C-alpha cells in the first residue's frame, strides 16, 4: 500500500517536465521564468517538511499520509481555475499546494519504509519502493505528452499572425489541455486517501517521537544527517534540472531537432532508466555497501553529463538519458545514510532531509539563468558539480560520527 504512494507522487512530480515546455509556450516565457514552475513546486518542500515532521509526531505516520494525499488532490483540482483564468501565478500556486501534499507523503513514507525492517537492508528496501516511484516518472511523460502536448500547436508563423484577441483565445485553449489530466489525478488521490485511511499499517513506536519532552536535543549535532541534507539538495537539483531541460535540449538542432511531443517520449526513457536502476539497485545493495554503490553511481552520472556537454547528436542525447539509470539509487541511499542511527528522532531527521528537496526549486532556476546566457548545451555544468559533491558524501561524509 505504501509503495503505491511512491508511484503517485512520482507520476505527479514528473508532469512538471511536461508543464515546463507547455507553459513556456502558452505564456511566452524565457528559461529563467519558466523554471519558476520547479521553484514553486520544490520550494514547498522547504516550507512544509518540518511542519510535516511535527504532524507525524502528533498523529503518526499513517494519518500524515492521508493528509498528504488529500492536500495533493486539492492542488490538482486548482489547475482547473488556473487554466480557465490563464494565470501563471495561479498555476504556480496550484503547484505549491500539490507539492505541499507530496512533502507530507515524502516525510512520512520514506522514513516509514526505511525503519520497517532491519537497518542493514534499509537502502535496499527504499530502493525497491522508489522503483515504483520511478515507474510513475517513466509513465508520466508519455501520458502527459499525449494529453497535454498532443494538441499543442507549434507553428510559430501561424501564432505570429494572430490578432491580440485571437492569441488570447488560442492561449486559453492551449492552457485548457491540463484540465482533464489533473481532474482525473485529483479524484484518484482522494480515493486512495480513503483506502489508506481504512488500511491497517503496523505501528513502529520505537521510531515515533511524541511530544513528551523525552527526546529533546539539537538535530544539528548529527554530521552525517547535515551533510546528507546537502546531498539531497544537490541530487534533487541535478535530477530535476536535467529532466526539466530535456525536451528543450532535444529540440536543439545540433542535439536531436525533435518536436516537443517526440521529445517528451524520450524524457520517459530518462525516468525509465531510474526505475530499472532502482530494481537492480535493490538487489545490489543486499551485497554491496551503500556508500560504495552511491559513490560509483555519482562518478558515472558526472562522466555522462560531461560526455553530453562535449558531444552532439545521438551521443549527446543518449548520454544524458542514461544519467537517469545512475540517478536511481542516489535518493534512497543518501536518505537512509542520513537517518541512520537517529532512533526516535527519525521523523525529525526525515523532515530535514525532505526539506532539502528544495534543491529542485533552486538549481533548475540557476541552470535556467545559465542557459539564457550560454545556451542549454553547456548549462549542464551545474549538475556535474552536484554529482561531484555526492561522490564526496558517499566516500567521506556519510559515516555517523559520535552517534551511539
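Conditions tested, residue by residue: (1) under 30 Å from residue 52 (Cα atoms); (2) part of a helix (DSSP H, G or I); (3) out of contact with any helix residue (DSSP H, G or I) (no Cβ under 9 Å at 6 or more places or on another chain); (4) free of Cβ contacts under 8 Å to residues at least 24 places away in the same chain.
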residue	(1), (2), (3), (4)
306	no, yes, no, no
309	no, yes, no, no
315	no, yes, no, yes
324	yes, yes, no, no
340	yes, no, no, no
345	yes, yes, no, no
348	yes, yes, no, no
351	yes, yes, no, no
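Check 51, 81, 21 and return the single one that is out of contact with any helix residue (DSSP H, G or I) (no Cβ under 7 Å at 6 or more places or on another chain) and either modelled with pLDDT under 90 or in a helix (DSSP H, G or I) (or both).
When all the criteria are applied, what remains is 51.
When you go through 44, 53, 82 one by one, which is the residue that is more than 21 Å from the chain's Cα centre (by Cα) and buried (at least 20 other Cβ atoms within 10 Å of the Cβ)?
None of the others qualify; the one that does is 82.
Which residue, of 256, 194, 263, is modelled with pLDDT of 85 or more, out of contact with any helix residue (DSSP H, G or I) (no Cβ under 7 Å at 6 or more places or on another chain) and over 30 Å from residue 398 (Cα atoms)?
194
Going by the structure shown, is residue 391 under 26 Å from residue 47 (Cα atoms) and surrounded by fewer than 24 Cβ atoms within 10 Å (Cβ to Cβ)?
no
The values are calculated or read from the model by the stated rules, or taken from the named source; none is laboratory data. Every value quoted in this text rests on a predicted model; they were computed, and no experiment measured them. Here Cβ is always computed from backbone atoms with ideal geometry, including for glycine, and neighbour counts include all displayed protein chains.
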